[in-house]
Amino acid sequence: MSSSIELILLLFASYISGSMPTSIIVGKIFKGIDIREHGSGNAGSTNVFRILGWKPALIVIVIDIFKGWLPAAVYATSLFQGQPIEDIGVVQILCGFAAVLGHTYTIFAGFQGGKGVGTLGGMLLALFPVAVLLCLIVFIFVLIMTGYVSLGSIFASVSLPIFLFILPLLGFANPPQLSLLIFSLLVPWFIIFMHRSNLSHLRSGDENRFEKAMIFKKNK
């Protein structure tokens, strides 16, 4: 088998892994509904939380994260060692992004999936474990202060390349490979693009807000 075919198979396996429509399956199991026909219409964990509650949403987010982690952490490093790209960081990026595309444009649900944040988070966790944990803190802080999941996701993605620059200077991590560093600079653009409708809602003032997450909000 040629190395190019092995790479194609590797990416296809990653795409299929990411394509499992977790939120749609959970919606069918828990309430017999297509989650895309309710709430925001998005097949993601946030909409599952709104419609079905936190337990189904937790199942969705854990599986979605795993869908991104598995190709980047395992497929890229263990399958088809004869593939033509020597830089393992590039292979991890390609496999992880194939999984994110699978989640966003799932072949099992008419190419209508979620925004890919959870799956991208799993991919990034495989690539930058320390930085991603710090990004999670940023996400939680923004969510608590504003109540907006979309805004938390955007701020967390923007903070990723910043942490990757700072952590090695402070001695908490080794400098990342150049390919991974360049990729981290592209992540915020992808997240902003996937949340462009949310940004429009934020500007118009009708973006859905998680009031319960705003623990410091004073009761009127």
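Observations on the structure shown:
- Counted residues, segment 114-129 - those being in contact with a Lys or Arg (Cβ under 9 Å, 6 or more places away or on another chain), in contact (Cβ under 8 Å) with a residue 60 or more places away in the chain and of a type in the set (Gly, Ala, Ser): 1
- Ile59 being farther than 27 Å from Pro176 by Cβ, crowded, with 20+ Cβ neighbours inside 10 Å and at pLDDT 90 or above: no
- Count - residues of segment 174-213 that are at pLDDT 80 or above and either outside any helix (DSSP H, G or I) or not aliphatic (A, V, I, L, M) (or both): 24
Let's see how each residue does on (1) within 20 Å of Arg36 (Cα to Cα); (2) crowded, with 19+ Cβ neighbours inside 10 Å:
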| residue | (1), (2) |
| --- | --- |
| Trp69 | no, yes |
| Val74 | no, no |
| Ile85 | no, no |
| Gln92 | no, yes |
| Ala98 | no, yes |
| Thr106 | yes, yes |
| Gln112 | yes, no |
| Met123 | no, yes |
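- The condition of being within 25 Å of His103 (Cβ to Cβ) and among the charged types (D, E, K, R) does not hold for Arg203.
- Evaluating Ile191 against the criteria (1) in contact (Cβ under 8 Å) with a residue 60 or more places away in the chain; (2) farther than 23 Å from Trp69 by Cβ leaves one unmet condition, (2).
- When the helices (runs of 4 or more DSSP H) confined to segment 1-112 are screened for residues that are touching a His at 6+ places or on another chain (Cβ under 8 Å), outside the structural domain of Leu178 (by TED's automatic domain parsing) and charged (D, E, K, R), those reaching at least 2 such residues are found at 54-70.
The values are calculated or read from the model by the stated rules, or taken from the named source; none is laboratory data. These figures come from a predicted structure and were not determined experimentally. Cβ coordinates were reconstructed from backbone atoms using ideal geometry, including for glycine residues, and neighbour counts include every protein chain displayed.
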